[in-house]
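What follows is one structure encoded as structure tokens, with my remarks underneath.
Throughout, read-outs are computed from the coordinates displayed, never taken from laboratory work. Keep in mind that what you see is a predicted model, and the values were worked out from it rather than measured. All Cβ positions, even for glycine, are placed from backbone atoms using ideal geometry, and neighbour counts span all protein chains on display.
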């Protein structure tokens with residue numbers, strides 16, 4: 001499924017991305033998901049639907065994020081757990097909470113994307129972050 005408007009118009013559906021993290025009592029931690037959602041939307045294009053949601057503790061909730069996608073015209077919501085591992089939250093809690101949210105919007109389908117895990121982009125980011133923690137320059141052995 002593509003996220004381009006041409007692909008979606010051909011199929012008569014409009015896809016949205018719902019990014020879900022755990023949620024935190026720290027506002028800065030929750031704001032990170034807003035930033036990620038804005039960057040994903042920028043990459044996908046201004047006509048795309050991308051919304052953040054938190055599994056617990058913070059707002060918007062999953063139900064609120066899902067509803068925001070539908071309000072913007074989504075007929076299919078791709079749910080991405082913005083988490084690393086396929087633990088209990090990803091395999092049990094999120095599917096249940098998203099199913100409950102989707103039940104309030106008849107005809108809107110959803111699918112679950114895999115968590116970030118060992119995706120090559122995550123590995124690249126780990127290496128980049130570790131390299132940036134090293135001293136600025138080390139003498140080369142020649």
So how tilted is helix 27-44 from the main axis of the chain? Cα-based, degrees 0 to 90, rounded to 10.
80 degrees
Determine, from the Cβ-Cβ distance of residue 128 and residue 34 and an R0 of 22 Å, the FRET efficiency 1/(1 + (r/R0)^6), rounded to the nearest 0.05.
0.45
Which of 72, 131, 106 ends up with the largest GNM mean-square fluctuation for the chain, with Cα atoms connected below 10 Å?
131
Over the chain, with a Gaussian network built from C-alpha contacts below 10 Å, which listed residue (124, 93, 21) shows the highest mean-square fluctuation?
124
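Going by how many other beta carbons lie within 10 Å of each one, how would you line up 77, 36, fewest first?
Numbers: 77 26, 36 16.
If I rank by nearby Cβ atoms, fewest first, I get 36, 77.
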Hey, how many Å between the Cα centroid of region 112-137 and the Cα centroid of region 26-47?
19 Å
Taking springs between alpha-carbon atoms closer than 10 angstrom, which of 48, 24, 118 fluctuates most in the Gaussian network model of the chain?
118
Helix 120-132 vs. the chain, principal-axis angle (Cα, 0 to 90°, nearest 10):
40 degrees
Under the Debye formula (equal points on every Cα, no solvent term), log10 I(q)/I(0) of the chain at q = 0.12, 0.20 Å⁻¹:
-0.54, -1.26
Over region 17-57, one equal point on each Cα, no solvent: what is log10 I(q)/I(0) by the Debye formula at q = 0.28, 0.32 Å⁻¹?
-0.89, -1.04
So how far apart, in nm, are the two label points at residue 26 and residue 119 if each is 7 Å from Cα heading toward Cβ?
2.3 nm
With label points built 7 Å along Cα→Cβ from the Cα atoms of residue 109 and residue 136, find their separation and express it in nm.
5.5 nm
What spacing in nm lies between the two simple spin-label points modelled at residue 57 and residue 88, each 7 Å away from Cα in the Cβ direction?
1.6 nm
